[in-house]
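Since the structure comes first, as structure tokens, the remarks are kept for the end.
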Amino acid sequence: MESAAKKGNEEKEMSAKNYATYLIVSLLLATSVLYAGFAMHRHVQSDYGPAILTRKGAFIVFVVAEAMTMILSIFSCFLAFLCWRNVKRNGALRKSQKLAMLYYSVTVLVLIGMHLVYISSSYMVHGLKLLTVFQMVAFWCFWCFAITLT
């Protein structure tokens, strides 16, 4: 009977460590999304002119994708924290596992949003060039891979 209790405690400790790792991953994603918003690619028309954007529609896509991705990444951090807290305080594995499934879904949406942000910023500045086409193909390959994992 002690071995079953010991096994349960070890399982809770491992789950708490996993959820702490999820929290770190979520914070790193939120940091990279925030950086993408501040360090948006700029294009200067001349040596002394202001930065211009060549595509207005791409800028709108960039702003909307950036805002949605930032909100989802903050929500992902919150979910990872709740998972960790439930296991650490209450030992509620089932509730944490349900939250973890929601966390996985939100994290996939954050990754897709990050791809949209980077593609739209590249397209906005450089137009349709080889790198942008490569980014679009990589985005759709990632999307197909993410669907097969879920």
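The values are calculated or read from the model by the stated rules, or taken from the named source; none is laboratory data. Just so we're clear, the structure is a prediction, and the values are computed from it rather than from any experiment. Cβ atoms come from the backbone with ideal geometry, glycine included; neighbour counts cover every protein chain shown. For accessibility, only protein heavy atoms count, side chains too; no ligands or nucleic acids. Shrake-Rupley method; radii C 1.70, N 1.55, O 1.52, S 1.80 Å.
What the table shows:
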read-out	value
Carbon + sulfur, % of accessible area of the stretch 74-117 - ligands and nucleic acids excluded, 1.4 Å	67 percent
Rounded FRET efficiency, nearest 0.05, which uses the C-beta distance separating Asn90 from Ala67 and R0 of 30 Å	0.30
Separation in nanometres of the label points that stand 7 Å from Cα toward Cβ, at Ala138 and Glu11	4.1 nm
Hz values of 3J(HN,Hα) by residue in the stretch 136-143 - Karplus curve (6.51, -1.76, 1.60), Gly and Pro given as x	5, 5, 5, 4, 6, 5, 4, 4
10 Å beta-carbon shell around Val87, net charge (K/R +1, D/E -1)	+4
